[in-house]
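Below you'll find the structure, written out as structure tokens, and then a few comments.
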Amino acid sequence: MRLEGIHHVTAITGDARRNLDFYARVLGLKLVKRSVNQDVPNILQLYYGAEKGEPGATLAFYEYPGIQVGRPGAGMVHRLSWRIGSEEALAFWSRRLRSEGVEQERHGARLRFRDPEGLELELVVTASEDKPLTASHTDIPEELALQGFDSVRVYTRDRERSRELLERALGFQRRSDAVWEVRGEARGCLFAYDSAPVRLGIQGSGTVHHLAWACPTEEQERWRDALIAAGVRATPVIDRSWHRSIYFREPSGASFEIATIEPGFAVDEAIEHLGERLALPPALEHLREELESGLTPLAIPARAVSGAEPSERRRA
């Protein structure tokens, strides 16, 4: 068995409207699902990604209005990287981010910046053979668009504690002292550790909540068996409607999920209408009216905004 790279990453925001503007308008990702935290359904959850909502490009956010600003520490993801296809794309994104007042740093073929709440992001030029997972946006030519996740980096105080689980139970392939490749038949990505800062991490806005790895549905129970055999306390398989999930922590403290590729976000919505309405799993459908009245109201982001003034584009 091999995990198929990243399924999705879930982070935290304190301001869903600002979050939506940045990821859908500025970065050009598609809002592929608007739902709730299924364990705490009064919490809004937004999913951004590729045009068809495929695993490998999805970044989700829980909204906790007014939550404290977070900071990554030991056991927390501190940087997410997306693939782009060329130096031309890197130059395009540098100009686009600068026009939005976003500070950035260039490191060779990498461009680093932060979202409005401080989450560190990176674009990296890569010649990956994986299928590009892009979203359509008339301001962003397809050949310049974000193409899916390239890597994630986690803070740790002792990466050797996690090595056995990563390599033996999860099948990560070590590429250097602190970098592993996670690759299945169709997709892959890199996973890396960096030395944790002395100060403790704070879970809050601008931090990652958990990282999900992708697997075929028929392999999920075998992955759970492998985790338990390795001494990991893994949850039972949980049905999340659009995927089935197992949750656990790896020895460095990072919160992991193994999520199935099937059935996907289009199981209950047409692909062309993904994200347009509040999508609820059947078990929560009877609460729709109550939930909709309590969640932050959001306008569907316009995806063709070339001629709009900045103030008009931000109204969503």
Can you pull out the residues in the range 173-199 that are closer than 27 Å to S128 by Cβ and free of Cβ contacts under 8 Å to residues at least 40 places away in the same chain?
-> Q173, R174, R175, S176, D177, A178, V179, W180, E181
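Specify which of the listed residues (P55, P65) is more than 11 Å from the chain's Cα centre (by Cα), part of a loop (DSSP other than H, G, I, E, B) and at negative phi.
Every option except P65 fails the conditions.
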Residue check, G171 part of a loop (DSSP other than H, G, I, E, B), of a type outside the set (D, E, K, R) and farther than 22 Å from I12 by Cβ | yes
Of the residues in the range 228-263, those that are in a loop (DSSP other than H, G, I, E, B), surrounded by fewer than 18 Cβ atoms within 10 Å (Cβ to Cβ) and of a type in the set (V, I, T) come to T235, V237
When the residues of the range 153-172 are filtered to those that are modelled with pLDDT of 95 or more and in contact with a Phe, Trp or Tyr (Cβ under 6 Å, 6 or more places away or on another chain), which remaining residue is nearest to I6 (Cα to Cα)?
-> F172
Candidate set from the range 213-226 (those that are in a helix (DSSP H, G or I) and under 23 Å from the mean Cα position of the chain (by Cα)); member that is farthest from A11 (Cα to Cα) | E219
Quick check: anything in the range 215-237 touching a residue at least 40 places away in the same chain (Cβ under 8 Å), of a type outside the set (K, R), over 26 Å from E181 (Cβ atoms) and touching a Lys or Arg at 6+ places or on another chain (Cβ under 9 Å)?
-> no
Out of all the residues in the range 195-212, which are under 22 Å from G148 (Cα atoms) and either modelled with pLDDT under 95 or not in a loop (DSSP other than H, G, I, E, B) (or both)?
-> V208, H209, H210, L211, A212
Restricting the first residue to the range 101-114 and requiring it to be closer than 18 Å to S86 by Cβ, which pairs with a second residue that is aromatic (F, W, Y) and part of a strand (DSSP E or B) meet a Cβ separation below 9 Å and a spacing of at least six or different chains?
-> Q104/F113
Is at least one residue of the range 200-212 buried (at least 22 other Cβ atoms within 10 Å of the Cβ), touching a residue at least 40 places away in the same chain (Cβ under 8 Å) and touching a His at 6+ places or on another chain (Cβ under 6 Å)?
-> yes
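The values are calculated or read from the model by the stated rules, or taken from the named source; none is laboratory data. Predicted, not measured: the structure shown is a model, and the values here were computed from it. Methodologically, a virtual Cβ is constructed for each residue, glycine included, from the backbone with ideal geometry; neighbour enumeration extends over all protein chains shown.
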